[in-house]
Each structure stands twice: as C-alpha cells, then as structure tokens.
Amino acid sequence: MDLIDTLVEKGLRRESPTRDEALAVLATSDDELLDVVAGASRVRRKWFGRRVKLNYLVNLKSGLCPEDCSYCSQRLGSEAGILKYTWLKPEEASKAASAGVAGGAKRVCLVASGRGPTDRDIDRVSRTIEAIKEENEQVEVCACLGLLSEGQAERLRAAGVNAYNHNLNTSEATYGDITTTHTYADREETVRLAQGAGLSACSGLIAGMGESDADLVDVVFALRAMDVDSVPVNFLIPFEGTPLAEEWNLTPQRALRILAMVRFVHPDAEVRLAGGREIHLRSLQPLALHLVNSIFLGDYLTSEGQEGKADLDMIADAGFEVEGMGTTTLPAHRARKEACGGGSCGPCGDADAAGPTEAAGSAEIAGSAKAAAEPAGAAADEPGAARTDLVAVRRRGAGTDLPPNA
C-alpha cells in the first residue's frame, strides 16, 4: 500500500502525516488491516523496540463528581452502580500502589474525581506520594486530579510527581456535546500548566462516543501540536446509568485502525492502550501491542480489567517484554526534553536521535496474526451490537477490603 509505505517513512523520521493521510488510515478496509498494523508496528519498534510499559491506576477518590462529562460513571447525576468513597489515606494508597509495582508496573497513576484540586487536596496528595515513595522509591508517579490552578503543578512536581494526565478526550468542535461544566480550552490550559512546571504531559482521547473520523483526527493532531509525551487511547466503556450507555460504535478492527492512526501521528510518543481495551478489542488485544508501547495493568478507576496475570501472559506470548524500572521509556530526544523541564534546547530537536532498532519485519505480524485479525463477521462485532456482559464494575482493590487486581 503506497499510503502505508509513505506513513512508515514519515514515522521513522518523526515526521507528521497529513490530515488526509490520517483520515485514510481510518478509512482502510478490513482486508487491509494487517498491512496497516504491520506498517505502524515498524514505527513503534523503531522508537520503543519490543518494550511494554505497565501503568497502574489508584483511584484516590471515587464518584460524586460535580462535572457532567457524559462518558464518565462518576459524573454528576450518574446512576452507575460504582464504588463511591472519599480520599484514601496515604497508607491505603501506598498499599494499592505497591500491588501494582509488584505486578510489574513502573508508573503509578493517582486519580481523584472532581473538577480540580484545592490547595488542601494538593497537600493530601503530596503526603500520599511521600508514602508511596517510601515503599517504592523508583516508581514514576503520574497525577490526574482535574483542572489545575496557577502554582499547583509546581507544587506537585516538588512533591515528586513526574507526569500529569489531563485528556482532551475529543475534538474541540464536539467537546460541548459531551461536557458543559467546563470547556475544551480549560483542558488545554491544564496541560500547558503541567508542561510549564516541567511535568511530562500525558493527554489522550476517548474513542467510541459517536464521533466522526474527522473528530478523531482533530484531537490526535491537537495533541501533537501540544507536543505531549504520552497519549492514552481510551475506548468508551458504556456504563449503564450514563448518557452514553447505548453508544456501542466500535469493532475490534476499528479500534486497531484508531490505534494505528495515533501511532502514525505520534511516532515517538508513548502511546498507551487504556480503558475499554478488553471490551472492544477482545481477542485482538495482543495485536494492539504491535501499535502501542504502554498499557494499564489490571483494573481501571471504576471498572474491572483483565486479570493482571493475563496481561503479563499476553505480553510474553506476543513476543514483547515488560519495561523495567531502570529503562527510560521515551527515546533519547524526548527523554532529554523531559529532563530539561519540558523546554526546548538544541539537542532535543535532533531528528537523527536513535531509537531501538527494529526487531522484526512486517511478515512476522502477517504470519502470526492473520487468523486473529480476520473480520469476525459475528453479530456481536457489528456496530451497535451491545456487549453489556463485558462491562464489570470494580469491586476490589482501592476503596474495598479485597486485594487489588495486579
């Protein structure tokens, strides 16, 4: 395919595809799917080899959020039967984080529902980070606390936070359709505040909310323009009791095309397979590892994920390896930029900065995954065919007396 050859050449040089090229990836047929995956896999291997970074979520405060984000089970007015609890104690959060680290995670993501943190909340999170670092000194910490105010990102960095997550979620044009209590510009500003404080910016999207191909491409290019280091790709989990409960718009093949498009637009950024992967990719999850270099281990904020051991087995069986604590995730040019506090300097823009060498050819993917990637044809894979049996509310781990899934 001339399109894929062009995109691979650009990705190996860290060049951006055009908007039309990104749209063309989403428009490819199921017959072309393996070619798309194989091409994007070459770009993934160039910059990240066969490493898979594991991240572990700790939901510090669950439910009762005043914001009205339509996709969220914790939103204002949600009738989803999720766990609801106020702030975990530092020792409780540390225990949950240690379980993730023991399972192989090198980054712990601390999340709290709400519009944004108060100064008292920043103090509380700082104590939690201190407790986590006492047990696991090397672990990376990413905070996701909502909209930030001036000075809060600097305080989080001083407390030991490495990265800040705040997703754009969808295109600016359609953002008002999913949320009314804050704006797309508010989210952009929080990402900029995090970057300005020297935190690594983690910002991504949610696919499957009824958006168009153009919306997906718009938000992915907006993230590239902001030069974020990490791009989590979530697939909508249609919780009963939320406005988007009936939105079942994804097939496994569609999900793979979205991941490939994100990889082509963000060739050297950490692309993370996030919420909803088990529901929408199902048996094609291992194929997605050829596109992403990062996943969440175990459960999510309010829903259960694949068993932690199954995640590790999947990575090993697909021929990948878990990234260790001592390994720098980002390629050299991005790692230097992060070390500079997010600013720009001469060496950081070196287009010839070397990444890991390619470990396998496209034929390997085509040979090993062809059967798995053939269009399923079953009614359950048709757009609109609800798989509510796959949505399970989290009842273990943080906020419960049961051990976490890690």
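Nothing in this text is a laboratory measurement; each read-out follows from the coordinates by a stated rule. From a predicted model like this one, the values you see are computed outputs, not experimental measurements. All Cβ positions, glycine included, derive from the backbone under ideal geometry; neighbour counts span all protein chains shown.
Looking at the square roots a ≥ b ≥ c of the eigenvalues of the Cα gyration tensor of region 52-95, which shape do they give, rounded for a/c under 1.5, prolate if a/b is larger than b/c, or oblate? Don't skip to the answer; put the middle values down first.
Values: a/c = 2.79, a/b = 1.49, b/c = 1.87.
Here region 52-95 falls in the oblate category.
Within the chain, DSSP assigns beta bridges of which about 5% are antiparallel (rounded to the nearest 5). Computed from the alpha carbon positions, the gyration tensor of region 1-129 leads to an equivalent ellipsoid with semi-axes of 40, 21, 14 Å, biggest first.
Let me know the shape class of region 24-83, please: from the alpha-carbon gyration tensor, a ≥ b ≥ c as square roots of the eigenvalues, rounded when a/c is under 1.5, otherwise prolate if a/b is greater than b/c, or oblate. The shape class here is oblate. Residues within the reach of a label modelled at Glu32 (point 7 angstrom out along Cα to beta-carbon, backbone nitrogen below 17 Å), restricted to region 243-285, are 253-265. Need one word for region 68-186: rounded, prolate or oblate. Basis is the Cα gyration tensor (sqrt eigenvalues a ≥ b ≥ c); a/c below 1.5 gives rounded, then a/b vs b/c decides. Prolate shape, in that a/c is at least 1.5 and a/b is the bigger ratio.
Ordering of 39-51, 168-180 by packing is 39-51, 168-180, highest average first (other Cβ atoms within 10 Å, averaged per residue).
Any idea what % of Cα-Cα pairs in region 131-284 are farther than 27 Å?
Values: 3032 of 11781 pairs.
Of the Cα pairs, 26 percent sit more than 27 Å apart.
Dipole magnitude for region 137-212: computed about the Cα centre from +1 point charges on Lys and Arg Cβ and -1 point charges on Asp and Glu Cβ, it is near 140 debye. Using only the Cα atoms of region 99-167, each taken as one equal point scatterer with no solvent, compute I(q) by the Debye sum, divide by I(0), and report log10 of the ratio at q = 0.18, 0.21 Å⁻¹. For the requested q values the scattering log ratios are -0.63, -0.85.
Applying 1/(1 + (r/R0)^6) with r as the Cβ-Cβ distance of Leu23 and Ala102 and R0 = 41 angstrom yields a FRET efficiency of 0.45. Taking each of Lys10/Lys309; Lys133/Lys309; Lys46/Lys106; Lys10/Lys53 in turn, the alpha-carbon distance tops 30 angstrom for Lys10/Lys309. Charge dipole of region 59-158 (Cα centre as origin; +1 on each Lys and Arg Cβ, -1 on each Asp and Glu Cβ, all else neutral): 140 debye, rounded to the nearest 20. Pair-distance distribution of the chain: all C-alpha pairs, bin width 10 Å, starting at 0; shares per bin in whole percent are 5, 24, 36, 27, 8, 0.
Just order 258-270, 221-233 by mean Cβ neighbour count inside 10 Å, highest at the front, would you?
On the way: 258-270: 26.7, 221-233: 20.8.
Put in order of decreasing packing, that is 258-270, 221-233.
Residues of region 180-201 with amide nitrogen under 16 Å from the 7 Å Cα-to-Cβ point of Glu79? Answer for region 180-201: none.
Would you mind putting 136-144, 159-167 in packing order, based on average other-beta-carbon counts within 10 Å, highest first? Don't skip to the end; give the middle numbers.
Details: 136-144: 19.3, 159-167: 22.2.
Output ranking for 136-144, 159-167: 159-167, 136-144.
In region 25-161, taking the dipole from charged Cβ atoms about the Cα centre, the farthest positive-side position among Ile122, Ala102, Gly63 is held by Ala102. Considering region 247-289 at the alpha-carbon level, its Rg and Dmax are found to be 10.4, 32 Å.
Tell me which GluC sites (Glu not before Pro) from region 21-81 have a DSSP coil assignment and no more than 12 other beta carbons within 10 Å of their own. Sites meeting the loop and neighbour criteria: Glu79.
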